[in-house]
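Just so you know, all these numbers are worked out from the coordinates, no wet-lab data involved. Bear in mind the structure is a predicted one, so any value in this text is a computation, not a measurement. Note that we place each Cβ from the backbone using ideal geometry, even for glycine, and neighbour counts take in every protein chain shown.
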Amino acid sequence: MPETGTRSSASGPSPIEEISGVLAYFEGRVVPLEEATVSIATHGLNYGTGCFEGIRAYWNEEEQELYALQLEAHYRRFLDSCRLLRIDPGKGLDELVAITRDLLRRGDVRTDAYIRPIAFKASQVIKVGLSHFRDAFGIYYLPMGDYLPTGGLSLQVSPWQRISDNAIPSRSKTTGSYVNASLAADGAQALGYHDAILLGADGHVSEASGANIFLVRKGRLVTPPVTADILEGITRDLILGIASDLGIETDVRIVDRTELYVAEEVLLVGTGVQVAPVTSIDRRPVGDGTIGPVARSLQETYFRAVRGREPKYRSWLTPVHGRAT
Ligand code: PMP
C-alpha cells in the first residue's frame, strides 16, 4: 500500500472540510469569512467570469515563522489572469503582497495554510461580456494539509479533454475553467483513482486536473511546454530549477500519451499537490510501481525548501510574522 503522505508534507485538515473560523479580506475590509458574501445574481457566479490563485504558506516550528511560498509569482500570474478577463482588482503587486501578509497576521496563522485570492465580475446583470461591469476582489485562507496523497498516486487518463487556449485561456486561473478540471477529477475519482491526467485537443499530454506533470524518460526529466494548454505552473518552474541544481537533465517538450505507460517515473507538481509521485496510471504500474529516485529527491528538496530549510531557496519565501524581506 502506498503511504498517505510524507512526514514533511503539509499537515492540517483535508481540503474537503468546510472552511470556518477564519478571516477574509473583502471590499477593502478584513471580516469573518461568513460576512464576505455575494448575491446569486453576481456575473462571476452565473458565467464563471472570475479568476483566482492558490498559494501555500508553511509553518516552521523551530523559527516560529510562517513562510508564504512564491507570493509575488502568484500575484503576477493573478494580475495576468485579471488582465485576460478585463478585471481590475484595484491593487498592484506590492499592495496584494502587503494585504496578504496583513490578513495572515491578523488571523495569527501558525499552521500550514492555503491562501485563495479571487477577483470577479461583480455586477448583477444578465449580459454576457467582460467590459463595463463592476469588479470585486477578496482573499481568504484556511489551514490545509495535503491536497492529494504524497506517497504514491493512482491516476486515470481522462476521457475529458483539457480546455484549449482558444476556448478558455489555459494560462489563466479562470474560475469557469475549473468545470473542466472538476469533470475530469470527478470521473476519475468515481472509478477509484486519485485524479485525472488530461490530454489536449491534439491528443498530447497536457496536465492533471489541478497540477502540472513530469515524467522521467531514459533518466531525463520531461514536462510539456507552456503551449500544451497547461496552466503555467509556478511549482513547475521551481521543480525545473531544483532539477537543474541537482544535475538532472530536463526536456520541455510535447509528451505522447503512451509515454506515460513506459516512463520510469511520473510525478505531479503544484501548489496544492506539492510534489506527488505517481505510482500507477490506468491501472498500469509506473516503472516498478514504487516511488523512484528522481521523484524522491525532488520531493525531499522541495519540502525542505518550502519550510525555509534550504538556504539556497530562501528567496522563494516571504516571512509573514516577522522580518519582512
Ligand atoms: N494546473 C492547474 C489546472 C492548476 O489548478 C494548478 C494549481 N494552481 C497547477 C497546474 C499548478 O500550478 P502552481 O504550481 O502554480 O500551483
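What order do you get for Ser81, Ser11 when you list them from fewest to most C-beta neighbours inside 10 Å? Don't jump to the answer; show the numbers that get you there.
Values: Ser81 24, Ser11 15.
Listing Ser81, Ser11 from fewest to most nearby Cβ atoms yields Ser11, Ser81.
Given the peptides 135-144, 195-204, arrange them by the average over their residues of other C-beta atoms within 10 Å, most packed first.
Working: 135-144: 22.2, 195-204: 19.5.
Per-residue mean Cβ counts within 10 Å order the peptides as 135-144, 195-204.
Quick check on the chain: helices-only [θ] at 222 nm, where DSSP H runs of length 4 and up contribute -39,500 (n - 2.57) each and the sum goes over total residues. Nearest 500, please.
Rounded to the nearest 500, the figure is -7000 deg cm²/dmol.
Over all directions, average the projected area of the Cα convex hull of the chain and note it in nm².
Quarter of the Cα hull surface area: 16.0 nm².
Roughly speaking, what is the stretch gain from Asp186 to Leu246, that is 0.36 nm per residue apart minus the C-alpha to C-alpha distance, in nm to one decimal?
Separation in residues times 0.36 nm, less the Cα-Cα distance, equals 18.0 nm.
Simple spin-label model, 7 Å along Cα-to-Cβ: Arg29 to Glu95 in nm?
1.9
Please compute the net charge surrounding His74, taking Lys and Arg as +1 and Asp and Glu as -1 over other residues with Cβ under 12 Å from its Cβ.
0
I want to check the label-to-label distance for Asp282 and Ala41. Put each point 7 Å from Cα in the C-beta direction and report it in nm to one decimal.
For Asp282 paired with Ala41, the spin-label model returns 5.0 nm.
Determine, for Lys312, Lys218, Lys173, the number of other Cβ atoms within 10 Å of each Cβ, and report the residues in order from fewest to most.
Ascending number of Cβ neighbours within 10 Å: Lys218, Lys312, Lys173.
Please arrange Tyr67, Tyr178 by counting, for each residue, the other beta carbons lying within 10 Å of its beta carbon, fewest first. It would help to have the intermediate numbers written out before the result.
On the way: Tyr67 23, Tyr178 17.
Starting with the residue having the fewest Cβ neighbours, the order is Tyr178, Tyr67.
Enumerate the aspartates and glutamates that Lys218 could reach by cross-link, defined here as Cα to Cα under 16 Å, with residues fewer than 8 away along the same chain left out.
The qualifying aspartates and glutamates are Glu249, Asp251, Asp256, Glu259, Glu264, Glu265, Asp288.
Normalised by the number of residues in segment 246-325, what is the relative contact order in percent for Cα pairs under 8 Å and 6+ residues apart?
Computed over segment 246-325, the figure is 19 percent.
Working from the alpha-carbon coordinates of segment 61-129, get Rg over Rh, Rh being the Kirkwood radius. Don't skip to the answer; put the middle values down first.
Numbers: Rg = 15.0 Å, Rh = 14.0 Å.
In segment 61-129, Rg relative to Rh is 1.07.
Can you give me the relative contact order of segment 153-306 as a percent, contacts being Cα pairs under 8 Å and 6 or more apart?
Relative contact order of segment 153-306: 23 percent.
How about Lys127: which aspartates and glutamates have a C-alpha closer than 16 Å to its C-alpha, ignoring those fewer than 8 places off in the same chain?
Here the aspartates and glutamates satisfying the reach criterion relative to Lys127 are Asp135.
Considering only Cα-Cα distances, which of the following residue pairs are longer than 26 Å: Lys121/Lys173; Lys173/Lys312; Lys91/Lys121?
Table pairs above 26 Å Cα-Cα are Lys173/Lys312.
What nm value, rounded to one decimal, do you get for the distance between Arg314 and Glu62 when each label is placed 7 Å out toward the C-beta?
If labels sit at Arg314 and Glu62, their model points lie 1.3 nm apart.
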